1. From the residues Ser251, Ser327, Leu241, which one has its Cα farthest along the dipole of segment 216-353 in the positive direction, the dipole being from +1 and -1 charges on Cβ of Lys/Arg and Asp/Glu about the Cα centre?
2. Around Ile79, which amide H atoms from residues at least 5 apart in sequence, or from another chain, sit under 5 Å from its own amide H, with H modelled in the peptide plane?
3. Calculate, for Asp239 and Ala118, the FRET efficiency according to 1/(1 + (r/R0)^6) with r their C-beta to C-beta distance and R0 30 Å; round to the nearest 0.05.
4. For segment 218-353, report the accessible area per residue in Å² (1.4 Å probe, heavy atoms, rounded to an integer).
5. In segment 212-319, what percentage of the DSSP-assigned beta bridges are antiparallel, given to the nearest 5?
6. For Gly86, which sequence-distant residues (separation of 5 or more, or a different chain) have an amide H within less than 5 Å of its own amide H, given hydrogens modelled in the peptide plane?
7. Determine the distance separating the Cα centre of segment 238-294 from the Cα centre of segment 16-35; give it in Å without decimals.
Amino acid sequence: MTEALCDRRPAPTLERMLADLVPPPRFARARLENYVPDPAYSSQEEAKQRIGEFAAELGRPTGGFLAKLRRRHRAARGIYLDGGFGVGKTHLLTSLFHAAPGKRVYGTFVEYTDLVGALGFQRAVDLLGESVLVCIDEFELDDPGDTLLMTRLIRELSDRGVAVVATSNTLPDSLGEGRFAAQDFLREIQAMAERFQVLRIDGEDYRRRDSVAEIRSLPEPVVREHAAERTDTTLDGFDELLKHLTMVHPSRYGALIDRVSSAHLTGLHGLTHHHDALRFVVLVDRLYDREVPTLVSTGPEADVVEDLFAPDLLSSGYRKKYYRALSRLASLAHDGAGLLVGDADGPAGERSA
């Protein structure tokens with residue numbers, strides 16, 4: 001019988017949480033050498049060069065014991081990668097992780113807030129403070145409490161000489177949106193603003209350049225049959241899954257899909273409430289990070305998923321997350337449909353926001 005995500009109750013240990021502070025499988029091979037800037041947007045090449053310089057700066061000898069001691073008492077500089085989804089910010093961030101010397105950690109905003117919750121603030125600072133570099137993907141400004149927690153964490157780490165590099169999404173084709181996101185971030189970190197260099201990365205969503213723009217819906221019998229024929233797959237009804245996600249903390253969604261080779265969803269329909277939509281966004285992010293092809297169905301016939309997020313959601317303050325999820329789900333569904341025909345093209349690329 002095919003397993004369902006709804007049957008899983010993940011409870012990752014502290015050791016597992018710490019072990020997960022590395023780039024996800026989709027970006028395990030990301031390097032500056034295989035980041036290919038779009039020649040139509042010079043900011044991509046400029047960001048690539050700056051990230052390379054920053055990695056070299058981290059690797060420079062610091063001298064003897066006294067020089068290292070002075071470094072620990074000198075606030076570290078950081079970088080904020082600002083831009084739309086799909087322009088390569090995560091690729092650049094993980095490339096920096098791989099290029100930097102010494103101990104470094106990588107995680108999403110949610111993973112760090114959960115780590116602080118598990119360890120306590122001071123213990124988390126002491127643990128992360130041993131690093132040369134802390135990478136934060138998908139920095140969020142949605143929850144004031146979490147934002148203040150993370151800005152305090154960044155301040156403490158920076159004061160200890162730990163370099164911090166963060167990414168966040170802005171909507172492409174929205175006049176001024178990128179500047180406002182950067183200003184929001186810098187305002188939130190207040191006294192640390194002068195420590196961060198903002199790198200604005202312009203461009204188009206690479207998934208759309210690869211003609212992966214629509215979320216493909218397959219006939220429900222096809223989705224069910226494929227799930228039954230494969231091992232290490234899951235099959236869930238959409239409504240049942242949404243209910244289950246309310247009982248699992250979003251920081252555990254990665255553990256929720258452990259050892260899943262492909263996921264299958266039936267009864268996919270439009271979402272009208274933020275609480276369901278935002279949980280589903282996090283699940284899509286984790287499926288995407290772990291390169292899990294996903295077969296989806298809206299009904300008995302093949303179709304294209306439309307209006308997954310209601311118009312008022314797409315015009316809300318969370319719209320950046322929703323548009324990113326649409327792009328990523330389209331890529332996952334493309335990979336899922338490819339399994340049916342033995343598509344040899346593999347996952348639809350590595351560069352992403």
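1. My answer, from the dipole projection, is Ser251.
2. Val164, Val165, Ala166, Gln197
3. Using R0 = 30 Å, I get an efficiency of 0.45.
4. 41 Å²
5. 25 percent
6. Here Ala353 satisfy the definition.
7. A separation of 21 Å, based on Cα centres.
The values are calculated or read from the model by the stated rules, or taken from the named source; none is laboratory data. Since the structure is predicted, the reported quantities are computational estimates derived from the model, not experimental observations. Cβ atoms come from the backbone with ideal geometry, glycine included; neighbour counts cover every protein chain shown. Accessible surface is based on the protein model in full, side chains and every heavy atom, while ligands, DNA and RNA are left aside. Shrake-Rupley method; radii C 1.70, N 1.55, O 1.52, S 1.80 Å.
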